[in-house]
Amino acid sequence: MALALWKNFLQITMKRILQQRRLSLYNGAHGYEEELIKKKLQQFSGGSVNLVKEDNGIAILTLNNPKLMNAFTGTMMVELQERVTELENWKDGKGLIIHGAGNTFCSGSDLNVVKEISNSQDGMNMCMFMQNTLTRLMRLPLISVALVQGKAFGGGAELTTACDFRLMTPGSEIRFVHKRMGLVPGWGGGARLVRLVGSGAALQLLAGAERVGPERALALGLAELALPSADEAAALAEARAWLSQYTDGPAAVVRAAKKVVTAARELPLEDALRTEKDIFGTVWGGPANLEALVRRPKHK
Ligand SMILES: CCCC(=O)SCCNC(=O)CCNC(=O)[C@H](O)C(C)(C)COP(=O)(O)OP(=O)(O)OC[C@H]1O[C@@H](n2cnc3c(N)ncnc32)[C@H](O)[C@@H]1OP(=O)(O)O
């Protein structure tokens, strides 16, 4: 009986948290017609977004369009959304590494696509679509890392800000080049950048389109670590090792930690506290908690 009640409570809470996470920023009231937008984006094909879910609970998401420095075509935008949905449904997941093929991160939107959709309506639609996707990415109950190798420019720089952490390889650069293209961030990267580095530094990076290498990114709090390896495979191994210190342990607990932080980051204090209570309820008396009570580890 107690177990049945516990399971029921868990299911209701998880459903509520999942619903909150999936809530779209934009809907019909904003003129957002997702299926129509996807149809339009599908007209601009090329590249892919690949996902590998490993047994250790870490998924590797690869932006794969190396001929264009992994610039986002329309189909890649749609595929990114599909991969995010897949990750939302991955119950055993704990961590996510996003990187680019060919030892470079991503040079933003494919400028060939930008040219084709340079009218206001298509631009707004693409902007809302990518904001929705990157907001869902940011809210995944997975600890996410952008592995910045080579260049993260424009929308690529914005994508890095939707991850919890940024790790940079030697010689890599994050650069909000938007101003040089007569633009400002449109994938939510401006709002997230201010929260990461503060309004003064964010304004410098946006209005100056400044190059940010590993050293400066560390000083600004834009990156957590400068990795030693410039080699593609070695850097990925280093990123995996760094992330695993946070993803080690039961999925329920790691995911709960991320959910607490997401709530605190996004909600007013009282709502964040109530959400924290709900999430606490999912681990209190749960298997990992009971096992630890038996083991009684010393935290030396
Ligand atoms: C709201 C989102 C806003 C945006 O994201 S707007 C897009 C912002 N991004 C850009 O403007 C990037 C423009 N590209 C560059 O600055 C340089 O290509 C970059 C990334 C520094 C790389 O320079 P290099 O290493 O010298 O390589 P490269 O220039 O020869 O590039 C190799 C091939 O890739 C292409 N490429 C790079 N970024 C692209 C993009 N975003 N869209 C379309 N094509 C792009 C580039 O044209 C070149 O192709 P090709 O060999 O000339 O046919």
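A compact table of results
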item	result
Given (1) of a type in the set (A, V, I, L, M, F, W, C); (2) surrounded by fewer than 18 Cβ atoms within 10 Å (Cβ to Cβ); (3) touching a Ser or Thr at 6+ places or on another chain (Cβ under 8 Å), index of the condition Ile98 fails	(2)
Helices (runs of 4 or more DSSP H) wholly inside region 228-300 containing at least 1 residues that are more than 19 Å from Gly95 (Cα to Cα) and of a type in the set (Val, Ile, Thr)	269-283, 287-295
Residue within region 104-114 that is within 17 Å of Gln43 (Cβ to Cβ) and within 14 Å of the chain's Cα centre (by Cα) present	no
Qualifying positions in region 203-234 - more than 16 Å from the ligand (Cβ to nearest atom) and surrounded by 21 or more Cβ atoms within 10 Å (Cβ to Cβ)	Pro214, Ala217, Leu222, Ala223, Leu227
Candidates Leu147, Leu96, Leu134, Leu140 - the one that is part of a loop (DSSP other than H, G, I, E, B) and closer than 19 Å to Arg192 by Cα	Leu140
Hits in region 48-68 (condition: part of a loop (DSSP other than H, G, I, E, B) and either buried (at least 21 other Cβ atoms within 10 Å of the Cβ) or among the aromatic types (Phe, Trp, Tyr) (or both))	Gly57, Asn65
Selection within region 261-282 - surrounded by fewer than 18 Cβ atoms within 10 Å (Cβ to Cβ) and aliphatic (A, V, I, L, M)	Val261, Ala264, Leu267, Leu269, Ala272, Leu273
Residue match in region 47-65 (condition: more than 21 Å from Ser172 (Cβ to Cβ), of a type outside the set (Ser, Thr, Tyr) and within 13 Å of the ligand (Cβ to nearest atom))	no
Count of residues meeting criterion [part of a helix (DSSP H, G or I) and within 12 Å of the ligand (Cβ to nearest atom)] in region 161-197	7
Pairs with Cβ under 6 Å, 6+ apart, first in region 215-232 and within 17 Å of Leu243 (Cα to Cα), second modelled with pLDDT of 95 or more and hydroxyl-bearing (Ser, Thr, Tyr)	Leu227/Thr169
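The values are calculated or read from the model by the stated rules, or taken from the named source; none is laboratory data. As the structure is a computational prediction, the values presented were derived from the model and not from experiment. Cβ sites come from the backbone with ideal geometry, for glycine too, and all protein chains shown count toward neighbours.
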